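Q: First, the structure itself, so that you have it in front of you.
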Amino acid sequence: MRSELQFFPDSASSMAGQVDALYLAWAAISVFFSLLIAALLVFFFVKYRRRHEDEIGLEEKEAPLLEIVWSVIPLIICLVMFVWGTRVFFDLYRPPSDAQEYFAVGKQWMWKFQHPEGVREINTLHVPVGQAIKVTMTSEDVIHSLYVPAFRTKQDAVPGRYTTLWFKATKAGSYHLFCAEYCGTEHSRMIGQVIAMEPHEYEKWLAGSPATKTPIASGAQLFATLACDTCHRDAKDPRPARAPQLAGLYGTEVALADGGTAKADDTYLRESILNPATKVVAGWQPIMPTFQGQVSEEQLAALLAYIKSLEGHSPKQAAADGNGAAADRGTL
Amino acid sequence: MSHAAVHDLNAPSASKNYLNNGYGLRSWLLTRDHKRIALLYLFSVTGFFFIGGVMALLMRLELLTPEGDLLQADTYNRVFSMHGISMVFFFLIPSIPAILGNFLVPLMIGAKDLAFPRINLLSWYLYVFGGAFTLWAMIHGGVDTGWTFYTPLSTEYAQGQVMMAALGVFIAGFSSILTGLNFVVTIHRMRAPGMTWFRLPLFIWSNYATSLIMLLGTPVVAVTILMVAAERALHLGLFDPRLGGDPVLFQHLFWFYSHPAVYIMVLPAMGVVSELIAAFARKPIFGYKIVAFASIAIAVLGFLVWGHHMFVSGQSIYASTVFSLLTMLVAIPSAVKVFNWTATLYEGSVSWDTPMLYALGFIGLFTIGGLTGVMLGTLGIDVHLHDTYFIVAHFHYVMVGGTIMAYLGGLHYWWPKITGRIYRPFWAKVSAMLVFVGFNLTFFPQFILGYMGMPRRYWSYAPEFQVLNVLSTAGASILGIGYLLPAIYFAWSMRYGEKAGDNPWGAVGLEWQTSSPPPTFNFHETPIVTHDAYDYHDQRPTTAAKGEAALV
Amino acid sequence: MSNPALGAAGGAAGTAAAGHAVAHHPDLQHHFDTLEQQKDSSSLGMWMFLVTEVLFFGGLFATYVLYRLRFPGVFAEASHHLNVPMGAINTGVLICSSLTMALAIYAAQVNRKKAIVGWLLATIVLGATFLVVKAFEYKEKFTHHLVPGPNFDPSQFTPDHARPAEMFFSLYFVMTGIHALHMVIGIGLLAWLVVQSNKGRFDSTYYNPLEMTGLYWHFVDIVWIFLFPLLYLLGYHAR
Amino acid sequence: MSSEHKPSLKPYILVFAALMVLTAATVVVAKFDLGAANDIVAMVIAVTKATLVVLFFMHVKYSTRLTQLTVIGSVLWLVFLIGVTMMDYTTRRMSDEVRGAPYEAPGLGLGGQMGDAAVAVAPGPATAAARHE
Ligand code: HEA
Ligand code: HEA
Ligand code: CUA
Ligand SMILES: [Cu+2]
């Protein structure tokens, strides 16, 4: 597919065409201006070359009109290209609503992926053609950058927060996957492939791939091993409750001890596990220990998936509204 | 521009000048003469250029083949980091301001020296100390962070001598601050009688703008580096995500300086080009005032666009949009300058001397570099191109094709003033051609590589990128020879070159009114300025100025 | 511009006559024409230096602003571990020192050479007082394990506040540490001025070094004027 | 420059008194819970104090236009530095909403402790959307 003599990258995503058009337009503008300047320079250089030693140039003329013309023309070009470029940019980063959620973690020096179905891969990402895919990513150590040239998109994976990119592959094939942000010794080996497959092949591949536990299943297991269930007992448990019921919690409005309320969304759940004292549920003592430092990011995600599953939550409901920021956390 | 120093025009050439005014080591190392300090800078800065150049050659050799065979991955990383650090902080930033600027600012405005001669010497020592730390770091294993020192790689994960290199850059930063401070005060307070702001040569305007950036930007990178050092050495957590810190904040603070720093690198070059074009077309620069104000506009606007280095960093897309728009705006003054220079040639009396060749090279290559910069400022394209070889090509076009071209042009132009002697024009023209050809062969293929998606800072790469990389390496060796030649013939000319005379190019400008090399306090009598800059009509070159033609 | 002026020269002009009147003042450096030009130059130079100082601290303040807005509650809690009386006293001490510094310059302007030395010494004493108080505060932080790093004791904070609190203390030490370093340099400059003014070098015709050091000293005071409320007084009411 | 105006003691003493009073005021005000106004009052007082020092102790009131411009310029650049940096952070949440990125509590809970974790699971699709203000 890639020959030794190729001077343009594969175009294999729904956005590639748009980016290429923008690029080629700019390239044309650049070539035009570069040639224009070069031609004028050479022409004047020859035409007005010094004929004898004491010659001087003709007296300066002022030409305000000319100054205006050559300020305004580049300005207009720039503004037009700015608007165009910004639209492409927003398209590049605004995932369509039907996008499938994939998750990626960068770490020195590998990419770890997980499919929504729970399948995990390292340095290789299989995706179905024609399906919009949103990759949510973070990093375990330094900043990395997920880059697929054939899809014309990239995004830094930053430790401490989530970032996203999305793409829709349009052509089956295997494409380079690079880490574009310098991340230490083996930065140039933090590479892999995105393999775009026709949907039915993708299904086949999924079915054949070693099934890993779904997030919910591993969450349930963690819930036991971390001894969450010693306090958060099953509703049917005859013993007195030591902690609030978690089933059906997700998406509801929780009354807090300080009189306020909080929407039980992902962030709230996360918060409750990592920093339980931040928001104490009304009627309960803040006895829950913090699990900060004891659960990994992935385990956390599994726990969340499990807790959410306890009522078969509807995303729509959760999306309704609610600000999950902690009371003492600012807006930034 | 003036009738200064008339007494001395015909004085015997053996008269006292700044070069023969004392020969001992002390007379150099403790000098307060801005011209001697300029020469001290010339030698030390050139040293760093060749160090950086050798690193560049090592990289290019490694990149000849897709596999990593010449260097280890870790070595390669240290090599490009040291290449970037020495080239940016120890070569390009001080090059034009600290060498040509130091030499010329007092001369061009008719002052005896810079306002603070001792501080000027101090800034050279700071530069040397900073350089020594960096060299120490280089010898003891180097740095593996890239020249950008991104956190948390630099604070926690990098293995190399980050502290030492950071300290070196920190110290060199103060050198640059003090130079800027000296220039601003000198330009405000030390102008000769009659030297009004709008009679200043454009080189002064652009150095003034540069100095403002040095003063306003450098302290921020200094404190940022300090914070990185504190985090690395003392385990304070200022950018540490585990304490709730934000590694991207480092990028904001770093680029707040380092974007304006690219204008520190190019504005003085633009000033040089204005001088060259005026002198070799024997004509005032078209739209003098607009070109002067454009420098200031670049300096000011340049502080508001740094986020264009962070479009894919996770920066808010709204902030990115604003940064992109401002980036477009800051390109306009540069565009205006390019057009004004071109228009200056119209109906000029254009000589083909070597400095002019470099000036033309600058305009052409800077245009390409600048236009690709504006492409990168366009959001939709930068997402794909960020951290690819397209960036590498862009910045070498502006820094090497732009600034170094101008710097070499300026050196050739003022060499007779600095040393009193002239180099061999034949070799100068040969090297100008080698540099031009070698440069384009090295860096043009990298634009294509970049769009194909080859990431930068890669020590091994996918096989389909090889053809263009081979071209690039071939170009680099031509370029290397092109740079080696001037080092040889300049050195040669210091001893064996023909005496140049006070004004070999028939240029106007105060620096050409005094003897070559100038006396210690520059002028035998304070000049009184009565003409605008580049006023060739009222100040026709009186003696036949033959330029290089006399020598060929 | 068309005015091909001799006398109309801008900026540095200084007519020859003026140049001669004071040209032989012992403190006039060779490359300047007049004492006035020299004074204007050093004053402008000092101001340019202060500009860089503003931005130097600016980097720290920018960092502070971000994390403060990100963790308002944590910062308020962490600031409870700072000693407000000591901070307030130090603010007063610095303001006094600014006054004495200004008075030293005033003494020079009215030619009271003895008083210059006295006010300078007073400034040094006040500056040193500030540093001593600061040293006690630092010591307190050490003994209470509030210094970021391996010895930081998170158990003094609400559990989920501990790590951003460490960040607060990182900022506290970097900001006050760099400020204290500036004070030390300032005291060094003042000591040199004491020696010079003891020799009677400064009077109403020449007191440039005093004025320059004064600018620097006042600037350092201003930094503290911001540091004090930003670090100490957050959530003071909730103590 | 300062030499042009007649030196006098009175302004120094007055400014000194004002500075002391304002210091006391800032401490006293901080004792009361005024919500966000605490910060605003503290900053207004600090800026006032700084202005007094600059104008009188540093003689900027009697200085050249250039000096005054220098002071204004440095403050302006400080505003550039802080303001434009914050332009990013204040719009991050909006940005993450558009991009469908979970706007996470920055920093906490991520980073070093992810240790030997293998592969993470996507946070619920609704997270981001659930984050508006
Ligand atoms: C001398 C140094 C220098 C100069 C002058 C410039 C000038 C410019 N640069 Fe460059 N840049 C760098 C050095 C420099 N740059 C470096 C070192 C990096 C990489 C850092 C790193 O990551 O390691 C970089 C990276 C860089 C990026 C980040 C890319 C990325 O990492 O994703 C961007 C994005 O906007 C950019 C833009 C610009 C722009 C718009 C200009 C403008 O100022 C250019 C203006 C000039 C012109 C526009 C040309 C003349 C115009 C005409 C002849 C007329 C026609 C004009 C139009 C129609 C517009 N540069
Ligand atoms: C002023 C700045 C400057 C200058 C002058 C140069 C000059 C050169 N640079 Fe540099 N470069 C940077 C600034 C600069 N660079 C920066 C900031 C980076 C980013 C670093 C980072 O990512 O952190 C970079 C990165 C960079 C890369 C990308 C590395 C990577 O991302 O993996 C490459 C690759 O080709 C490169 C090549 C070159 C070459 C071939 C030259 C040539 O122009 C050099 C020519 C000079 C010589 C060759 C030396 C002189 C001659 C001799 C010693 C004689 C012997 C030679 C022969 C006989 C052939 N540079
Ligand atoms: Cu990961 Cu580069
Ligand atoms: Cu930039």
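Q: Which ³J(HN,Hα) values in Hz, rounded to whole numbers, follow from the phi angles of the stretch C:143-160 under the Karplus curve 6.51 cos²θ - 1.76 cosθ + 1.60, where θ = phi - 60° and Gly and Pro get x?
A: Using θ = phi - 60°, the values come out as 5, 8, 6, 9, 8, x, x, x, 8, 5, 9, x, 5, 7, 10, 3, x, 6 Hz.
Q: Using the per-residue mean of other Cβ atoms lying within 10 Å as a proxy for protection, in what order, highest first, do the peptides B:480-486, B:511-517 fall?
A: B:511-517, B:480-486
Q: Hey, another quick one. Whole-Hz Karplus ³J(HN,Hα) for the stretch C:81-89, in order, using 6.51 cos²θ - 1.76 cosθ + 1.60 and θ = phi - 60°, x for Gly and Pro?
A: After applying 6.51 cos²θ - 1.76 cosθ + 1.60, I find 8, 8, 9, 4, x, 4, x, 5, 4 Hz.
Q: Compute the helix-to-body angle for B:466-496: its Cα long axis versus the longest principal axis of chain B, expressed 0 to 90° and rounded to tens.
A: Result, in degrees: 30.
Q: Right, something else. Given Cβ point charges of +1 (Lys, Arg) and -1 (Asp, Glu) and nothing else, what value in debye, to the nearest 20, does the dipole of the protein assembly as shown about its Cα centre take?
A: Dipole about the Cα centre, nearest 20: 2360 debye.
Q: Another question about this same structure. Once R0 is set to 45 Å, what does the formula 1/(1 + (r/R0)^6) return for the Cβ-Cβ distance between residue C:239 and residue C:181, expressed as a FRET efficiency to the nearest 0.05?
A: Efficiency, rounded to the nearest 0.05: 0.95.
Q: Amide H neighbours of residue B:350 under 5 Å, at least 5 residues apart or on other chains, H built in the peptide plane: list them.
A: Excluding prolines and chain starts, which carry no amide H, the hits are A:49, A:50.
Q: Would you calculate the separation in nanometres between label points at residue B:293 and residue C:89, each defined as 7 Å from the Cα along the Cα-to-beta-carbon direction?
A: 5.8 nm
Q: In chain B, how many lysine pairs have Cα atoms under 17 Å apart, counting only pairs 8 or more places apart or on different chains?
A: Close lysine pairs under the 17 Å cut-off: 14.
Q: If you average the C-alpha positions of the stretch B:28-63 and of the stretch A:154-220 separately, how far apart do those two centres end up, in angstrom?
A: 46 Å
Q: For the stretch B:191-227 and the stretch B:457-474, write down the distance between their C-alpha centroids in whole Å.
A: So the separation of the two Cα centres works out to 40 Å.
Q: Quick one: Debye curve from the C-alpha atoms of the protein assembly as shown, no solvent, what's log10 I(q)/I(0) at q = 0.05, 0.08 Å⁻¹?
A: One equal scatterer on each Cα of the protein assembly as shown leads to -0.38, -0.96.
Q: To test your reading of the geometry: what angle, between 0 and 90 degrees and rounded to tens, separates the Cα axis of helix B:405-419 from the longest principal axis of chain B?
A: 40 degrees
Q: Could you put A:308, A:112 in order, starting from the residue whose Cβ has the fewest other Cβ atoms within 10 Å?
A: Listing A:308, A:112 from fewest to most nearby Cβ atoms yields A:112, A:308.
Q: Counting each DSSP H run of 4 or more residues in chain A as -39500 (n - 2.57), what helix-only mean residue ellipticity at 222 nm follows after dividing by all residues, to the nearest 500 deg cm²/dmol?
A: Mean residue ellipticity at 222 nm (helix-derived): -11000 deg cm²/dmol.
Q: Another question about this same structure. When Cβ neighbours within 10 Å are restricted to other protein chains, what is their mean count per residue of peptide B:438-450?
A: Other-chain Cβ atoms within 10 Å of each residue's Cβ, averaged: 1.
Q: On the Cα set of the stretch B:339-420, report Rg and Dmax in Å, please.
A: When restricted to the Cα atoms of the stretch B:339-420, Rg and Dmax are 15.9, 53 Å.
Q: Just to confirm a number: summing +1 for Lys and Arg and -1 for Asp and Glu over residues other than residue A:293 whose beta-carbon lies under 10 angstrom from that of residue A:293, what do you get?
A: Spelling it out: positives minus negatives among the neighbours equals +2.
Q: Would you pull out the residues with amide H under 5 Å of residue A:241's amide H, same chain only if 5 or more places away, H placed 1.01 Å from N?
A: Distant-sequence amide H within range of residue A:241: zero hits.
Q: Grab the beta carbon distance between residue D:20 and residue A:32, set R0 = 60 Å, and tell me the FRET efficiency rounded to 0.05.
A: The computed FRET efficiency comes out at 0.35.
Q: Moving on. Mean residue ellipticity at 222 nm from the helices of chain B, using -39,500 (n - 2.57) per DSSP H segment of n ≥ 4 over the full residue count, to the nearest 500 deg cm²/dmol?
A: -20500 deg cm²/dmol
Q: In whole Å, what is the distance between the alpha-carbon centres of the stretch B:340-412 and the stretch C:165-209?
A: Cα centroid to Cα centroid, the span is 45 Å.
Q: Now for a different question. Run the numbers on chain B and let me know its relative contact order in percent, using alpha-carbon pairs under 8 Å that are six or more apart.
A: Relative contact order of chain B: 21 percent.
Q: So, one more: Say the dipole of the protein assembly as shown comes from +1 at the beta carbon of Lys and Arg and -1 at that of Asp and Glu; which of B:319, A:22, C:237 then lies farthest toward its positive end?
A: C:237
Q: Further question on the same structure: Do you know the relative contact order of chain A, to the nearest whole percent, from alpha carbon pairs under 8 angstrom that are 6+ apart?
A: Relative contact order of chain A: 14 percent.
Q: Further question on the same structure: To make sure I understand, if each residue's beta carbon is the centre and we count other beta carbons within 10 Å, what order do D:48, B:155, B:210 fall in, fewest to most?
A: With the sparsest Cβ surroundings first, the list reads D:48, B:155, B:210.
Q: Still on this structure: For residue A:168, go through the lysines and keep the ones whose alpha-carbon is under 18 Å away, minus same-chain ones fewer than eight residues off.
A: A:134, A:154
Q: Whole-Hz Karplus ³J(HN,Hα) for the stretch A:58-63, in order, using 6.51 cos²θ - 1.76 cosθ + 1.60 and θ = phi - 60°, x for Gly and Pro?
A: Karplus values, whole Hz, x for Gly and Pro: 5, 4, 5, 10, 9, 9.
Q: Which of the lysines could be linked to residue D:61 by a straight reach, that is with a Cα gap under 19 Å, when you skip same-chain ones fewer than 8 residues away?
A: C:39, D:6, D:10, D:49
Q: While we're on this one: At residue C:136 and residue B:474, where each label point lies 7 Å from the Cα along Cα→Cβ, what is the point-to-point distance in nanometres?
A: 7.7 nm
Q: Considering amide H positions built from the backbone, and no H for Pro or chain starts, which residues 5 or more places from residue A:256, or on another chain, come under 5 Å of its amide H?
A: Amide H neighbours of residue A:256, under 5 Å, 5+ apart: A:261, A:262, A:282.
Q: For helix A:199-208, report the angle its Cα long axis makes with the longest principal axis of the Cα atoms of chain A; keep it between 0 and 90° and round to the nearest 10°.
A: In chain A, helix A:199-208 runs at an angle near 40 degrees to the longest axis.
Q: Going by C-beta contacts inside 10 Å, put B:71, C:215, B:215 in order with the fewest on the left.
A: B:71, C:215, B:215
Every number here is computed from the coordinates shown, using simple stated rules; none is lab data. These numbers come from a predicted model, not from an experiment. Virtual Cβ from ideal backbone geometry, glycine too; neighbours counted across all protein chains shown.
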